[in-house]
Each structure stands twice: as C-alpha cells, then as structure tokens.
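Read the structure below first, then the notes.
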Amino acid sequence: MTAADIAGGRTPRWTRGRIAMFVAALVLVVAWLLPLAWAVATSLKPESETTRTPLEWIGSTVTFDAYGKVWESGDLARWMFNSAYISVMATLLTVAFCAMAAYGFARTEFRGRKTLYALVLAGIMVPPQVLIAPLFAEMVQLRLVDTYWGVILPQVAVPAMVFILVKFFDGVPRELEEAALCDGAGRWRVFWQIVLPLSRPVLAAVAIFTFISTWNNFLWPFLVTTDPGLMTLPVGLVNVQSTYGVRYAQVMASLIIAGLPLLVVFAIFQRQIVQGVAHTGLAGQ
C-alpha cells in the first residue's frame, strides 16, 4: 500500500505477492485451528464414539460428560491454584532478576562482564533436560523437594530473557540516564524510575512468555513433587489419565481445561506481546 492509497482511502491492489502472503497466512491458521477443533469435538463426544471408524467430527450426541469426569476424578481446583501461584511467582521473580541482570550487562562496566555475559548466552544453547539431575540433587540438599519454592526457583533463571532485555536496554537513549545521574540520582534510582517505565512493553512480553512457559512446564514439577496437594495442573491431569487408562474424550477435555487459561491470557495481553516483540528488535532478525 502506497502513501497515496492511504491518503486517498483507496483499497490496496491484490498483487501476486500480497495474494501469496494471504494464502500462506490462511494455511497457517487452518493448520493451527484444525487440531484444536478436533480436540474440542472429541471432548464433546461420548467415550464409546471417540475410536469409532470411520472418524466423524460430530458424535451422535453432544455431551459434557468428559469434562465432568475429569473434574470429579482429581483435585482440579487445587491444581489450577498451584499452577497459577507457581506461574505468577516465577514470572515476578524472573522479570525482576532478569531485568536487573540485563541492565547490569547493558549499562555497567565491571571486570569479567563480557565473559559472564558469554556464559549467560551459552546457557541458551543448553537443553533444560541436561540440568534436571543436578537441579534435583540441589533441591534435595536444600530440602526443597515437595515445596512450592522447589518448583519455582529453578525456573527463575532464564538466559533467553536476559538476552532479550539486554537488546532492549541497549536501545534506550543513554542521555536520559546521564541527565538523571548529573542531577544526583543513583544508578538504582535511574533503573527503577527511568529505565523500567520505558521498558513496560518488553517487560510485559517477557512476563507473558514466562507465565505461559511456567504454566505449561510438565517435566520439572513432575519430578520435584509427589504430594498431590502440590501438583500443577499438567502433572495432576497426567496422573489422573494414567490411573484410569487412555480415555480420549477425557484426555481432550483435560487438554482444553489446561489450555483455556492460557488462551484467555493471550487474548487479553495480545497487544502487549506484539509490542514487546517489536521493541526488542528481534522481529526482523
């Protein structure tokens, strides 16, 4: 679309490139929606019809029995509270510590800064599964197994978020900080009262990504918790499924229940996510 088109209110022409982009976007949307639609349709079928061939989208009746059985078979309310509490606390701590670390790397000079930052970046390339054994041993030594903090603390150190925030802080004008420093403000005050307010979009994006990642995390909460009262929603639902065998309608109902809060969060904060990605400078890389 040209500037003349915008000024004149004319509809943009459908060029070959625009049509190709539209078709590609449509294919991606369909590829994402089809599995979700199938999961919803399966969860609303009678259990006896979920494995019937040939496969049908709609069962003979629409029933919510699978949702009721999933709710009754486990302490779903408690697991949802645990997931929400752990995700919120991990998000707050991750944003706070990663922001402070990133600001230190971006704005302060100290001996070994480049080496330490290189080690942080190297952490991005380490698969989380490699750290499971030493982290579990550490939690045992600290007596944090079967506690909220045992689930939360290992998820707070996120090198990728430090990298994203460093990229953003590098783009913040230094003149603003220098003016505040000349007026007598300390480095800590500059960080809290100048840099952080300017960083709201990227901080919101980091918070949302961290919340979603923590909510979906299954492996670590599964290993570090054995008390049913401390289980997160993904762990609790898997335990229920393994106890009663594979029941496809209930499996799909469990997935819908576990994913629904994330869909709500994404729908509410979609604008902040887009703005945060754009402000990091990573969108075009």
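Using R₀ = 30 Å, calculate the FRET efficiency as 1/(1 + (r/R₀)^6) where r is the Cβ-Cβ separation of LEU121 and GLN141; round to 0.05. That gives a FRET efficiency of 0.60. Note on the range 196-239: Cα convex hull, mean projected area over all directions, 3.8 nm².
Using the alpha carbons alone, the radius of gyration of the range 173-246 stands to its Kirkwood radius in an Rg to Rh ratio of 1.36. Shape analysis of the range 86-186 yields a ratio of the Cα radius of gyration to the Kirkwood radius, Rg/Rh, of 1.07.
Excluding same-chain neighbours fewer than eight residues apart, the lysines reachable from LYS45 by a Cα-Cα span under 17 Å are LYS69. Within straight-line reach of LYS114, meaning a Cα separation under 20 Å, sit the following lysines at least 8 residues removed in sequence or on another chain: LYS167. Taking LYS45, LYS167, LYS114, LYS69 and ordering them by how much accessible surface each has at a 1.4 Å probe, largest first, produces LYS114, LYS69, LYS167, LYS45. Label zone of PHE266 (point 7 Å out along Cα→Cβ, amide N under 15 Å): in the range 206-226 this covers 208-217. Shape descriptor for the range 149-207: Rg over Rh equals 1.08 (Cα atoms; Rh from the Kirkwood inverse mean 1/r).
So if we plug the beta-carbon distance of TRP57 and ALA96 into 1/(1 + (r/R0)^6) with R0 = 51 Å, what FRET efficiency do we get, rounded to 0.05? With R0 = 51 Å, the Cβ-Cβ based efficiency is 0.65.
Expressed as a fraction of 2.2 N^0.38 Å, the value expected for a compact globular protein of N residues, the C-alpha radius of gyration of the range 111-266 is 1.36.
Between ALA37 and ALA185, what is 0.36 nm times their sequence separation minus the Cα-Cα distance? Round to one decimal in nm.
Values: separation 148, 0.36 × 148 = 53.28 nm, distance 5.52 nm.
Contour length minus the Cα-Cα distance gives 47.8 nm.
Going 7 Å from the Cα of ALA160 toward and past its Cβ, which residues in the range 116-130 have a backbone nitrogen under 18 Å from where you end up? From the range 116-130, the list is 119-130.
The values are calculated or read from the model by the stated rules, or taken from the named source; none is laboratory data. Everything numeric here is computed off the predicted structure, so don't read it as measured data. Neighbour counts are summed over all protein chains in view; Cβ atoms, including those assigned to glycine, are modelled from backbone coordinates with ideal geometry. The area values use the complete protein model at the heavy-atom level, side chains included, leaving out ligands, DNA and RNA. Shrake-Rupley method; radii C 1.70, N 1.55, O 1.52, S 1.80 Å.
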